[in-house]
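Note sheet for the following structure.
The values are calculated or read from the model by the stated rules, or taken from the named source; none is laboratory data. Owing to the predicted nature of the structure, the values given are computational and were not obtained by experimental measurement. Ideal geometry is used to build each Cβ from the backbone, glycine not excepted, and the neighbour counts take in all protein chains shown. Surface accessibility is based on the protein's heavy atoms, side chains included, excluding ligands, DNA and RNA. Shrake-Rupley method; radii C 1.70, N 1.55, O 1.52, S 1.80 Å.
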Amino acid sequence: MNTLNDKIRILGKGITALALKDKYPNATLYDDNDFNLYDFTSDEKTVVSPGIPPYNEMVLNSRNILSDYDLFESIIPFSIWISGTNGKTTTTQMCQHLLSQYNSICGGNIGIPLSSMDEKAPIWILETSSFTLHYTNKAKPNIYLLLPISEDHITWHGSFEEYRNAKLKPLALMNESDIAILPEIFADVKTAAHVITYKNSDDLCEYFKIDKSKIKFKEPFLLDAILAMCIQKIVFDEIDYDLINDFVIDKHKVEEFKDKKNRLWIDDSKATNVDATINALVPYKNNDIHIILGGDDKGANLLPLFEDIKDLDIYVYAIGSNADKITDYCNQFAIKVENCMFLDVAVNKIDKNITQNSVAILSPAAASLDQFKSYAHRGNEFKKLVNDLS
């Protein structure tokens, strides 16, 4: 491994960069404000924070780029990397919930930055973003668990193909002693790892002999739970239904609550892309659905969402920077829609339209930063607005 006295430079000044600076006090941090100080001729190791896109001028003018995963490649213990478009945070948390009894720790894209993780822990469970994978060229997992992928972060990657390539990148680095669990669509991707593919949760239950009826979660969290149980089965040859059923889902993920009139509302503000919203609606497809959509769609193709919901009993309330685009799609597919622009307007309109048999859901299929500080801020505002209804 690099010694802590090594001179490296770090692009970014966020959580990942600051944690690296603590580990490497001689490191120099740069962001776009320091562009005039940046040495384009340097051969220094340059660690790129996940938020810095590949088209950034400093990235384009750097010779020796690596991710924090690559920087610590030589000291990473047995590691489980979890990625995908949706569900990777919950699956990572569920996996840690099951393996913590064996002194595992989790981090990466959630919780503890990689550079701050305990080197003595026997197992690292890492939520791994496509941003990190883009810059990773040496480090590899012992087990790679890939959830289904769909269009996301197109603005950052430049295309869905590049996003997909980033998600598949670890497979080229893995060896024959490693294991990859992949959606069936990637069965033909070249890798030396032992590959297990799945089309759905039933495939995994059959392969790993898991009894789905003993698991309390429904979709979209059922697949996450089963994937975490697959990891426990692979590593320790155990299946613990009681322990997985003790897991508590984070807020803002298909979080059901009732208003003062006992009507069902759902905070799914964490649904920041099309696939997340499609999956969130699965348990409610037979209901009268009133859904708030909109925000920053990050350049993703929204068409699959409207193709999926066009035959449902659904009413759309469009908000955010892409509200006009959502309204146009709804009109194209003859879906009832109101262009509300703002969350409070949408909640007030839904309040007048729903009954005891309706489902009112915030599942935006878009990021929140056009109008809110975060998806959590958006979700909290949504719940406050609903709870304030008379």
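Structural remarks
- Candidates are the residues of segment 40-68 that are free of Cβ contacts under 8 Å to residues at least 60 places away in the same chain, closer than 21 Å to Ala19 by Cα and of a type outside the set (A, V, I, L, M); the one that is surrounded by the fewest Cβ atoms within 10 Å (Cβ to Cβ) is Asn64.
- Selected residue [touching a residue at least 12 places away in the same chain (Cβ under 8 Å) and either part of a strand (DSSP E or B) or closer than 21 Å to Ser129 by Cα (or both)] from Leu227, Leu222: Leu227
Here's the yes/no breakdown for (1) in a helix (DSSP H, G or I); (2) of a type in the set (Asp, Glu); (3) over 26 Å from Asn279 (Cα atoms); (4) without any contact (Cβ under 8 Å) to a residue 12 or more places away in the chain:
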{"site": "Ala139", "(1), (2), (3), (4)": "no, no, yes, no"}
{"site": "Pro148", "(1), (2), (3), (4)": "no, no, no, no"}
{"site": "Glu161", "(1), (2), (3), (4)": "yes, yes, no, yes"}
{"site": "Arg164", "(1), (2), (3), (4)": "yes, no, no, no"}
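- Picking from residues in segment 241-253 that are of a type outside the set (Phe, Trp, Tyr) and without any contact (Cβ under 8 Å) to a residue 60 or more places away in the chain, the one that is nearest to Ile226 (Cα to Cα) is Asn245.
- Yes/no for Leu126 being modelled with pLDDT of 95 or more and touching a Cys at 6+ places or on another chain (Cβ under 8 Å): yes
- Residue count for segment 134-154 satisfying the condition of being open to solvent by 10 Å² or more (accessible area, probe 1.4 Å), touching a helix residue (DSSP H, G or I) at 6+ places or on another chain (Cβ under 7 Å), polar (S, T, N, Q) and modelled with pLDDT of 90 or more: 1.
- Of all residues in segment 34-59, those being assigned to a loop (DSSP other than H, G, I, E, B), of a type in the set (A, V, I, L, M, F, W, C) and in contact with a Leu (Cβ under 7 Å, 6 or more places away or on another chain) number 1.
- Here segment 194-223 is the region considered, the condition is being of a type outside the set (Phe, Trp, Tyr) and within 25 Å of Leu173 (Cα to Cα), and the residue that is most open to solvent (accessible area, probe 1.4 Å) is Lys199.
- Enumeration of residues in segment 278-319 that are modelled with pLDDT of 95 or more, assigned to a loop (DSSP other than H, G, I, E, B) and open to solvent by less than 40 Å² (accessible area, probe 1.4 Å): Gly294, Gly295, Leu312
- Members of segment 91-137 that are assigned to a helix (DSSP H, G or I), of a type in the set (Ser, Thr, Tyr) and within 27 Å of Glu184 (Cβ to Cβ): Thr91, Thr92, Ser130, Thr132
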